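Worksheet: the structure to be examined is printed underneath.
The values are calculated or read from the model by the stated rules, or taken from the named source; none is laboratory data. Quick caveat, the model's predicted, so the values are computed rather than measured. Please note: Cβ atoms are built from the backbone with ideal geometry, for glycine as well, and neighbour counts cover all protein chains shown. Keep in mind that these areas ignore ligands, DNA and RNA; they rest on the heavy atoms of the full protein, side chains included. Shrake-Rupley method; radii C 1.70, N 1.55, O 1.52, S 1.80 Å.
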Amino acid sequence: MADLEKLQELIDGSDNIVFFGGAGVSTESGIKDFRSVDGLYHQKYDYPPETILSHTFYRRYTAEFYKFYKDKLLEKTVGTETVEKAMPNAAHYKLAELEAAGKVKAVITQNIDGLHQAAGSKKVLELHGSVLRNYCEDCGAFFNEKYMFAAEGIPCCDKCGGGVKPDVVLYEEGLNHQILSESIRCIQEADMLIIGGTSLVVYPAAGLIDYYRGNKLVLINRDETQRDGVADYIFKGNIGEILGQIKVK
């Protein structure tokens, strides 16, 4: 396992860094990991999260889908009188700082919370979409996350009355082809790939690591991943604590 000085050296010597992150990047902002003990898997609903967050469930039991969606995916994003709004953490801000300095060329994320953009990152490729974008399925009108959270029952378009669907990739749905292709291109061209806060078990996103062609593949995670064996450097710990100590030169 490498030390922080080595990570600093690697970043200093790179000018085409791509960051690929998962749920662990947002947990330090208070957004629960799907697979954590206190996260979505420890909850009060009659169906497991994978079922509720599936395309089939959304179509068949739309009202029940939105109860879960608002409770588990929107409340921390919007913030309420009783639930503090999630804010970017040190990892989000450091990546934005590295991008502004010309080091990081793209952030690829499995998260749907918009925290990278809130921290200032410009090139963010959202593999699984975003709760901040919602569209009427009939007329295409756009609605933000606050509209969705405030809606009673099933959110409906205030222009045509059609149903409004979050721009998130549900189970059984494919990833956006353009975003996936651009993510692959960025990884192939990167001189350094930093992967953080992901267990690398969710495909096809986890397979992106195989497109990296360089020799500076860095894994930052609290726990072991299934792909530790292919990494050039491994840093164990919270990603915000580790990246937060990096100096941007």
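Remarks
- So L125, is it buried (at least 16 other Cβ atoms within 10 Å of the Cβ), touching a residue at least 40 places away in the same chain (Cβ under 8 Å) and part of a strand (DSSP E or B): yes
- Residues that are farther than 24 Å from P49 by Cβ and open to solvent by 20 Å² or more (accessible area, probe 1.4 Å) within segment 128-144 comprise D138, C139, G140, F142, listed in sequence order.
- Members of segment 64-89 that are open to solvent by less than 50 Å² (accessible area, probe 1.4 Å) and either in a loop (DSSP other than H, G, I, E, B) or hydrophobic (A, V, I, L, M, F, W, C) (or both): F65, F68, L73, L74, V78, G79, T80, V83, A86, P88, N89
- Top-ranked residue of segment 1-29 - restricted to ones that are aliphatic (A, V, I, L, M) and part of a loop (DSSP other than H, G, I, E, B), ranked as surrounded by the fewest Cβ atoms within 10 Å (Cβ to Cβ): M1
- Pairing each residue of segment 9-22 that is in contact (Cβ under 8 Å) with a residue 40 or more places away in the chain with any residue that is part of a helix (DSSP H, G or I), provided the two are 6+ apart or on different chains, yields C-beta distances under 7 Å for N16/E189; I17/I11; I17/L98; V18/C186; V18/I187; F19/L95; F20/L208.
- Taken together, the residues in segment 163-180 that are touching a Ser or Thr at 6+ places or on another chain (Cβ under 8 Å) and under 12 Å from E126 (Cα atoms) amount to 2.
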